[in-house]
Amino acid sequence: MRARIKKNDTVMVIAGRERGKTGKVLRVLPAKERALVERLNMVKRHQKPRGPQSPSGIVEKEASIHISNIMIMCDKCNAPVRMGKRVLEDNRSVRVCRRCGDQLDR
């Protein structure tokens, strides 16, 4: 399945313990159908020292969220929305909001 969510999209979590929170997509992992969202689904990991730049300790970082548990946010509606596709006059395909019809790709 191809991921419709892209890097730098603003998304809202619709399921799980982070339900209702919004954030920016940092990375999409299409092979696993997952995405990393900024400051959401934080986990603690023990890190070994890797030289003077990164000392040892407990590091908090984002864990991935399944794509089915996030929805893209429309700037115009200010709500999580489903998205559709529209082909423009110059044969470019863009993502559009199903609620208001506004373009999601800038």
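Quick notes on this one:
- Test set (1) in contact (Cβ under 8 Å) with a residue 24 or more places away in the chain; (2) surrounded by 17 or more Cβ atoms within 10 Å (Cβ to Cβ) - residue 81 fails condition number: (1)
- Residues located in segment 67-78, provided they are surrounded by 13 or more Cβ atoms within 10 Å (Cβ to Cβ) and either under 16 Å from residue 4 (Cβ atoms) or of a type in the set (Gly, Ala, Ser) (or both): 67, 69, 70, 71, 72, 73, 74
- Residue within segment 37-51 that is closer than 18 Å to residue 5 by Cβ and in a strand (DSSP E or B) present: yes
- Selection count where residues are surrounded by fewer than 19 Cβ atoms within 10 Å (Cβ to Cβ) and closer than 19 Å to residue 75 by Cβ, scope segment 27-38: 1
- Flag if residue 26 is in contact (Cβ under 8 Å) with a residue 24 or more places away in the chain and either touching a strand residue (DSSP E or B) at 6+ places or on another chain (Cβ under 7 Å) or of a type in the set (Val, Ile, Thr) (or both): yes
- In segment 53-62, the residues that are part of a strand (DSSP E or B) and either surrounded by 13 or more Cβ atoms within 10 Å (Cβ to Cβ) or of a type outside the set (Val, Ile, Thr) (or both): 57, 60, 61, 62
- Looking across segment 15-26, just one residue is surrounded by fewer than 19 Cβ atoms within 10 Å (Cβ to Cβ), among the aliphatic types (A, V, I, L, M) and under 24 Å from residue 94 (Cα atoms), and that is 26.
Bear in mind these aren't lab numbers, they're just calculated from the coordinates by the rules spelled out. None of these values were measured; they are calculated from a predicted model. FYI the Cβ positions are ideal-geometry reconstructions off the backbone, even for glycines, and counts take in every protein chain you see.
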